[in-house]
Amino acid sequence: MKLSISRDQLLKPLQQVSGVVEKRQTLPVLANVLMVVDGGKLALTGTDLEVELIARAELSGEFGDGEITVPARKLLDICKSLPASAEIEIRQDGQKITLKSGKSRFSLATLPANEFPNLEEGVGAFSFTITQKGLKKLIDKTSFAMAQQDVRYYLNGMLFEVTAGRLRSVATDGHRLAMCDAEARTDDVERMQVIVPRKGVQELARLLNDDEGEVTITLGSNHIRATVGNVTFTSKLIDGKFPDYERVLPKGGDKIVLANREELRQSLSRAAILSNEKFRGIRLLLTPDLLRIQANNPDQEEAEEDVTVEYNGSSLEIGFNVQYLMDVLGVLDNATAKLTLGDSNSSALLQDSEGGSSVYVVMPMRL
């Protein structure tokens, strides 16, 4: 195998795939990227056996077909360290590859391509397209609510639910829930659900831009595959049943509060400084046109913030984890946030004042 390529042409696909390569590996070959030269194209593949990324680049210089695996981190560091306009020549030399650029020369150990694992190609049951912008929005608006290392393994990821003309993302850690909808070009389809693991969601988000470029998504029984430009992303799915999230959405809340989103977020942020570091609890005291935020900690320190709001119902006292409220206020779009509350034991429903495509539920805390 041999090829010549500019530094920038090699660096971008290398950065795209190397994020999935783990530093500590059970199999030595998993610390490598697979390089395949075939018919004037270079394909780079990285995997951790859960997620696989393949990025492609066109070769304009001379090349010779072949395949080999190369240490991902070292190759990336070498590329980054070369001048921006550098031309790189790579040639396989027995068990090593030689990389030359200007007056620099590097020799890297390799492992055979046939040792490199490949995520089984499941037959795709269903394909649809969505804009990069739409998919990025779904992930950005909900990913913060995914669980981390929960024993309920099906919560350590994100639910993607496809229905006719729509893709919905839902994430929950059992204490809060985030849900967002976006338009998608789907055929007439019965409701279809898959759970994408946390790492798969994060790697997919890294590939997306805020533009109208299309992403093609294929869902299989065990895998999800997304094609974004020159990159193919594949992830195993979590085999489990996601909770019935529609039952979690509180209904019948009669206390509707409208607040300036940024003012409320900053007030919560200041009060949070003196909240209990472990439980992060704050108390909200709601009276007509006023929301009082109180926090205290085991050192008997206290914080109190008053926020002017639009509200004309009866008074209410309720506790929440302050971080959960701040996370939601950080992803809403409108200047005004809408909180719908019931009683001190009911979950809060948060959304943009003008509706919008995302809805959030935060469970109360006993203080």
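The table below gives the values:
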| item | result |
| --- | --- |
| Rounded Å value of the spacing that divides the Cα centres of region 309-344 and region 178-222 | 29 |
| Efficiency of FRET between R73 and K96 - r from beta-carbon atoms, R0 22 angstrom, step 0.05 | 0.85 |
| Q148 versus T129: modelled label distance in nm, points set 7 Å from Cα along the beta carbon direction | 3.8 |
| Proximal aspartates and glutamates relative to K80, as straight alpha-carbon distance under 12 Å, when same-chain residues fewer than 8 apart are discounted | D8 |
| Carbon + sulfur, % of accessible area of region 208-367 - ligands and nucleic acids excluded, 1.4 Å | 43 |
| Reach of K74 by Cα under 14 Å, taken over aspartates and glutamates that are not fewer than 8 positions away in the same chain | E22 |
| Table column - 3J(HN,Hα) (Hz), region 287-294, Karplus curve with 6.51, -1.76, 1.60, x for Gly and Pro | 10, x, 6, 9, 10, 9, 9, 10 |
| Radius of gyration and Dmax over the Cα atoms of region 216-367, both given in Å | 18.9, 57 |
| Sequence-distant residues sharing a close amide H with H223 (under 5 Å, placed H) | L237 |
| Table column - 3J(HN,Hα) (Hz), region 172-181, Karplus curve with 6.51, -1.76, 1.60, x for Gly and Pro | 8, 10, x, 10, 8, 9, 10, 9, 9, 10 |
| 3J(HN,Hα) from dihedral phi, region 54-71, Karplus parametrisation 6.51/-1.76/1.60, rounded to Hz, x for glycine, proline | 10, 10, 10, 9, 7, 9, 9, x, 6, 8, x, 4, x, 8, 7, 10, 10, x |
| Percent carbon-and-sulfur accessible area, region 1-149, ignoring ligands, DNA and RNA, probe 1.4 Å | 48 |
| Length gained when the stretch R292-S107 is fully extended (0.36 nm per residue, less Cα-Cα span) | 60.1 nm |
| Reachable lysines, given that their alpha-carbon falls under 19 Å from the alpha-carbon of K136 and they are not under 8 places away in the same chain | K199 |
| Cα-based convex hull, the chain, per residue volume (Å³, whole number) | 174 |
| FRET efficiency, S6 to L258 (Cβ-Cβ, R0 56 Å, nearest 0.05) | 0.55 |
| GluC sites (Glu not before Pro) within region 158-227: DSSP coil, no more than 15 neighbouring Cβ in 10 Å | E190, E212 |
| Within the chain, helix-based [θ] at 222 nm, where runs of 4 or more DSSP H residues each add -39,500 (n - 2.57), nearest 500 | -5500 deg cm²/dmol |
| Heavy-atom surface of the chain, accessible at 1.4 Å and reported per residue (Å²) | 49 |
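The values are calculated or read from the model by the stated rules, or taken from the named source; none is laboratory data. Being a predicted model, the structure only gives us computed values, none of them experimental. All Cβ positions, even for glycine, are placed from backbone atoms using ideal geometry, and neighbour counts span all protein chains on display. Ligands, DNA and RNA are stripped out before the accessible areas are found, and what is left, the full protein with its side chains, is counted by its heavy atoms. Shrake-Rupley method; radii C 1.70, N 1.55, O 1.52, S 1.80 Å.
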